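Coordinate-derived values only; no laboratory data. Source: prediction; values computed, not measured. Quick reminder, even Gly has a Cβ in these numbers, built from the backbone with ideal geometry, and neighbours come from all protein chains shown.
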Amino acid sequence: MSKNAENDLYGTNLSVESMKVIAESIGIGNLPDDAAKELAEDISFKLKHIIQDAAKFVHHAKRTKLMQSDIDAALKAKNLEPQYGFQSAEGLPFRFASGGGRELHFIEEKEVVLNDLLQNLNAKAPLEVSLRSHWLCIDGVQPTIPENPPPVAKNIQKLESVDPINKKPNKETSGKPTTGKQKLRNVETVQIKQLATHELSVEQQLYYKEITEACVGSDEARRAEALQSLASDPGLHEMLPRMCTFIIEGVRVNVVQNNLALLIYLMRMVKALLDNQSLYLEKYLHELIPSVTTCIVSKQLCMRPELDNHWALRDFASRLMSQICKNFNTSTNNIQTRITRMFTNALQQGDKVPLSSLYGALEGLSELGAEVIRIFILPRLKSIGARIEMHLQGPTTSNIDKIASEHIKQLLIKVVAPVLKNLKNPPDYVEEYKQEFGYLGPALHAAVVKARTQPTPSTTTACNISTSLTNVGATITRTVSQPCQIIQQNTGPQRTIVMNQSGRVANQINNQKILFVTQRPPTPGGSVQPSSQSQQNTVVKFVSNTSTISQQKMITTQKLIQGNQPPVAVVQKSTFQQSQLKKADQMQPPTVDDLSHLM
Amino acid sequence: MEKSQLAAVLQILKKYNLKGTEELLRKEANLGNNIADGPLQQNSDVSSVLTGYKSDGDPETYEDSYMELKRFVEGSLDIYKHELGMILYPVLVHMYLELVYNGHTEKAINLMKKFGPEQDSYYQEDLRKLALVTKRDHMNGNELTDTFKSNQFIIRMSRDTLSLLKRHLNDKKASVLLNIIQEHLYFDMYEGVARNKSQIDATSGAVGGEAKRQDNKTKVYYGIPKAPDIQALAAPVEDEDEGGEQDNPDKPKKKKAKKDPLFSKKTKNDPNAPPPDRIPVPDMRDHDKYEKVKAYREASKRVTLGPDYLPSVCCYTLLNANHTVNCAEITEDSSMLAVGFSDSIVKVWTLVPQKLKAMKSGEQLEDVNVDVEDVVVRMMDERSGETSRSLYGHSGPVYSVSFSPDKTLLISCSEDTTIRLWSLQIWTCLVVYKGHMFPVWDVKFSPLGYYFASASYDRTARLWATDHYQPLRLFAGHFSDVDCVQFHPNSNYVATGSSDRRVCLWDCTTGNHVRLMTGHKSPIMSLAFSVCGRFLASAGVDCKVLVWDLSHGHLVAELTGHEKPIHALAFSRCGNILVSGGLDCLLKVWDFTKLTEEISSEEVNVSHNPDVRIGDDYLLRSFATKSSPLISLHFTRRNLLLAVSMFDGVST
């Protein structure tokens, strides 16, 4: 007897008002109230009747959505003329208008210019229906192929990780039949408790091997394919723990080895996994976050900090971190709070923190949004400014520190200026800025003034990240907020990571062997290094986005330098297996990452 | 035929000015002009066929009497309470209609608003439809009110409950109530204990109440007769013979010598099979026999499915077909797929490497040697092979297609009210069967060929033969659209499922209904007979699969799990597995052996519906497709499951 139930039974009727409006529209000026009421009732009854009938046609067309054609068919069955001229593939777009105490729902009807229709005789033909076959299941096991839905839907994965109590004991998963004959034999061998064994099929093992090799291998085209697969394949759920372990171990080893290229590849794998719509990574965040953090704040990420563009890695990893925060932050895990705290701690340690880590912490914070910048970065601008001033202006600093300081300065100006612009009211005074922010004051002032004069400032960093992160490749050209681009020399030692995967991957997780092959030019390193270094000092420059020509020039000079180098050979290590050696031999030495994909 | 009925027919003839027919009928029925005044007298009757509702009862008393009845039901003993509760719904409906008919709209709406929502959930949909009716005019030609008016609502009740009710009615002498119960309710009494709520719920829900015991008393020959003797043909080749005769592929070879006696013994043992000549079937042609042998041989390679051997499923997905595919069907030998589209086209695909060939032209056919063995192959034009062919002819959405067993004919039905027979050799329409006046929802070829059955919006199902342009039988009795139709494997019976939520089994020879089964709560969209012929599975909009035992017409199991309407059901060739597929993009595999074993071990009480098995016990596995609703399921001869689905790109 609730109101809802009542509404259920009787529903709504057309209003008398509607009748009058419709009557007006066909030229009947003043419809008497009684007539309108009578009409409204009758028409409501008839309409409902027709819709009820139309429902039959919906069922028989094996749909759940009522369409225009169903109404037509119902009218036809009642020997009424169908409504010609209505064509709507989707639901009718009802518009709402109110005014003068009256409310009105209507369909926006556009005037159709018949001439246009007549001239465009070649209307787009609908695609022809085609037939495609695939295995939905084989002997009761559903293969994880793109044609089938992911074995564990994302929302179930989420439920499982957020609320484990809710997890139902699945008696029928897509796995192997539980009552098969082979299983019976398993029962005979003593098995007290059904352990959750995550066996990978042979195909999955092969896939894992291929993917991990491609991801850290030297072939960029293959890597792109592998990452694409990681980002889109639906059936990776079962392999996820192994993938994560691979990434974590990889980061752990390569940070020690200062192998920038591999760290970048591993971060790209993280990104691909984050982008995969069918995966829910929450269960693995406790492993992934430290790895990503390492790539942001580690003291040293590359062999030659003064030359290599480890900044791009830090930027990229920071964006990953903000994506993680955005996707997985809940009131129970407080990821964002914890990460913010972690970065802030780095800032608070003052001069003890290396400049590169400081840069990472600042970048990490700034990716978390304007509010974070305002609260955690602004108050420290002065002290940071003082510190980098020392390195930039002081006479005795090393080249490395100088570059780092310059990076920090650029970063701060880039991220703080938009925040200050919103925070402070014009006019801006240089003195005031100097007072408040010390060394960075004048530069910030200039940036803020510049931002104010630009009519459409680039959107806040937070937004920008989200767009650029969803599709790194595509947005390279779109990101305008990047003030500078770093170009670096492609020489120096490179490493390849080769995984020993002769056995079953399933049993290997704990004793994975990671072998490192160092590939060096046969010429004594000492003689090459200094000369290249001297070149580097001239080459590494900040090139502003506007001067693309000079940038291109520099790239070509680089290529020339590369071309002049002697061929690279492999230095054999004694522990290395013969077969793998061959493989390593075939592999081209990885050209140290073309960092453009990270921008 | 009764006189009054004749008079009504005469009146209609007069109305449409069919004088010739009218006179003929008069002559045949030996009716003089004495009935001439009949029409006049009846005129008022036909225009207001609702005299049953003519009542001068005080509109004020209705609500009170209903309250009174409700109080009585609630106050009675727990064992009788639920059975008594069954009368509340029909009483409410008839009170409402009576009030509406007599012009007390206000009172009627009040009554409905007050008591409508507290009826069982499965009645809500009908109540909503009834609530539309608020004027006497609305009752004219309204399907639901007509049904209530012209049919008694059937309630099964134990003797004790019924006597309790009668006593109460006698005591109270509530004229309104008494009138309604006498006029519109029929009590089908049985001996025994009163049923409980779940038992009642299992079989109620249909328009017009439950099935009477009388409805399910006729003997049904649900057995499968012995396969036609194809020994003569197969004799020359020894192992073909064996393949043909061997009904059970598991049979060890050493019994080969004894197989003939064994075989005949087996037929004698199946007392439920109809005599082979119960319905006339055209003789088998040589080609049919050849095909039959092939089928047997294929069947001997069949895998026996079960919980340990789950089927493999090959899914055919129709792409670029958003909301345009209405139906699909695969031939018995799994070589072709036919799809009916909403834009009136029927399209046939080949699923095997052999292309779809057309017959040679007339002149070329003259050159073909008729006496050679492979004459059929030679008749086809080798160069005309195509992987898919379209059949144009319908002028409305095609709702169902069905292949003839010999794969040379295809039958299709459409919203344009016609049924078309197509040749799959010359790829044109051969016959248009016009008979239904309204959209035809379903059509099925008989497993023996020659006959086909159709189901329509006009509330009838019809039995046709391909060489007759008029139906052979007209199965009338459903209160609403007949949504689906299915032939019994022995071709002697036709099952129909309807929007009145009843499943009916009709005898092809007599045209009478022999089983009437209630229990569905929504329109029925799909039917499938078990391989043994004893069980019938039905499913529909209420997302449940119900399994019926045809020997007594009992509901034996209710398989729940789907979340959207089910449109496809299939039994594996070995009969061990039942699969269902629905719009929720799920394919569910059910253990049918377990179900039948449990049923046969149980004692069957003829008068009483056994307890209905509910739950997931029988669910073996559930497979999801990627946003592709399943529209058809088919087991190949080797027990590979073929599923047809259409990819719904919009919903993703």
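Label point 7 Å out from B:Lys81 along Cα-to-Cβ: which residues of the stretch B:180-197 have amide N under 19 Å?
Answer for this model: B:193-197.
Taking the 0 to 90 degree range and rounding to the nearest ten, how far is the long axis of helix B:88-101 tilted relative to the main principal axis of chain B, both from C-alpha atoms?
70
Given 0.36 nm per residue, what is the gain on full extension from A:Lys124 to A:Val202 after removing their alpha carbon distance, in nm?
Net length gain for the segment: 23.5 nm.
Taking every residue in B:616-626, how many Cβ atoms of other protein chains lie within 10 Å of its Cβ, on average?
Partner Cβ neighbours, averaged per residue: 5.
What's the FRET efficiency of B:Asp171 with A:Leu47 using the Cβ-Cβ distance as r and R₀ = 60 Å, to the nearest 0.05?
The value I calculate is 0.85.
In nanometres, what is the gap between the two model label sites at B:Glu183 and B:Asn512, each 7 Å from Cα along Cα-to-Cβ?
Roughly 3.1 nm, to one decimal.
If each residue of separation counts as 0.36 nm, what is the full-extension length gain between B:Ser198 and B:Glu386 once their alpha-carbon separation is subtracted?
62.2 nm
Between B:Thr218 and A:Asn333, what is the FRET efficiency for a Förster distance of 45 Å, r being their Cβ-Cβ separation, to the nearest 0.05?
0.10
Evaluate peptide A:139-146: per residue, the Cβ atoms of other protein chains within 10 Å of its Cβ; return the mean as an integer.
Average per residue, whole number: 4.
Working from Cα positions, state the angle (0 to 90°, nearest 10) between the long axis of helix B:159-172 and the longest principal axis of chain B.
With both axes taken from Cα atoms, the answer is about 30 degrees.
For the stretch B:337-386 and the stretch A:25-63, what is the separation of their C-alpha centers, rounded to whole Å?
What the calculation gives is 50 Å, centre to centre.
Skipping prolines and chain starts, which residues have an amide H placed within reach, meaning under 5 Å, of the one on B:Val556, given they are 5 or more residues away or on another chain?
B:Val547, B:Trp548, B:Asp549
Let me know the shape class of the stretch B:407-448, please: from the alpha-carbon gyration tensor, a ≥ b ≥ c as square roots of the eigenvalues, rounded when a/c is under 1.5, otherwise prolate if a/b is greater than b/c, or oblate.
oblate
Calculate, for A:Ala224 and A:Gln277, the FRET efficiency according to 1/(1 + (r/R0)^6) with r their C-beta to C-beta distance and R0 30 Å; round to the nearest 0.05.
Efficiency at R0 = 30 Å is approximately 0.95.
Longer than 31 Å from Cα to Cα, which of B:Lys289/B:Lys360; A:Lys48/B:Lys564; B:Lys226/B:Lys347; B:Lys114/B:Lys173 are they? Say none if no pair is.
Table pairs above 31 Å Cα-Cα are B:Lys226/B:Lys347.
Using the Cα centre of the stretch B:52-210 as the reference point, and only Cβ charges (+1 on K/R, -1 on D/E), how large is the resulting charge dipole? Debye, rounded to the nearest 20.
80
Please give, to one decimal in nm, the separation of the simple spin-label points placed at B:Val377 and A:Thr64, each 7 Å out from Cα toward the Cβ.
Inter-label distance under the simple model: 4.9 nm.
For every helix of n ≥ 4 consecutive DSSP H residues, a contribution of -39,500 (n - 2.57) applies; sum these over chain B, divide by its total residues, and give [θ] at 222 nm rounded to the nearest 500 deg cm²/dmol.
-8500 deg cm²/dmol
Strictly over 30 Å apart at the Cα level, which of A:Lys62/B:Lys521; B:Lys3/B:Lys212; B:Lys301/B:Lys594; B:Lys129/B:Lys219; A:Lys56/B:Lys292 would you flag in this model?
Distance filter (> 30 Å) returns B:Lys129/B:Lys219; A:Lys56/B:Lys292.
Specify the angular offset, from 0 to 90 degrees and rounded to the nearest 10, of the alpha carbon long axis of helix B:175-184 from the longest principal axis of the alpha carbons in chain B.
Between the helix axis and the principal axis of chain B, the angle is about 20 degrees.
Return the sequence-ordered ³J(HN,Hα) values of the stretch B:382-390 in whole Hz as given by the Karplus equation 6.51 cos²θ - 1.76 cosθ + 1.60 applied to θ = phi - 60°, using x for Gly and Pro.
Once rounded to whole Hz, the list reads 4, 7, 8, x, 9, 7, 8, 9, 10.
So, in nm, how far is label A:Gln454 from label A:Trp135 when the simple model puts each one 7 Å beyond its Cα toward the Cβ?
Computed distance between label sites A:Gln454 and A:Trp135 equals 5.5 nm.
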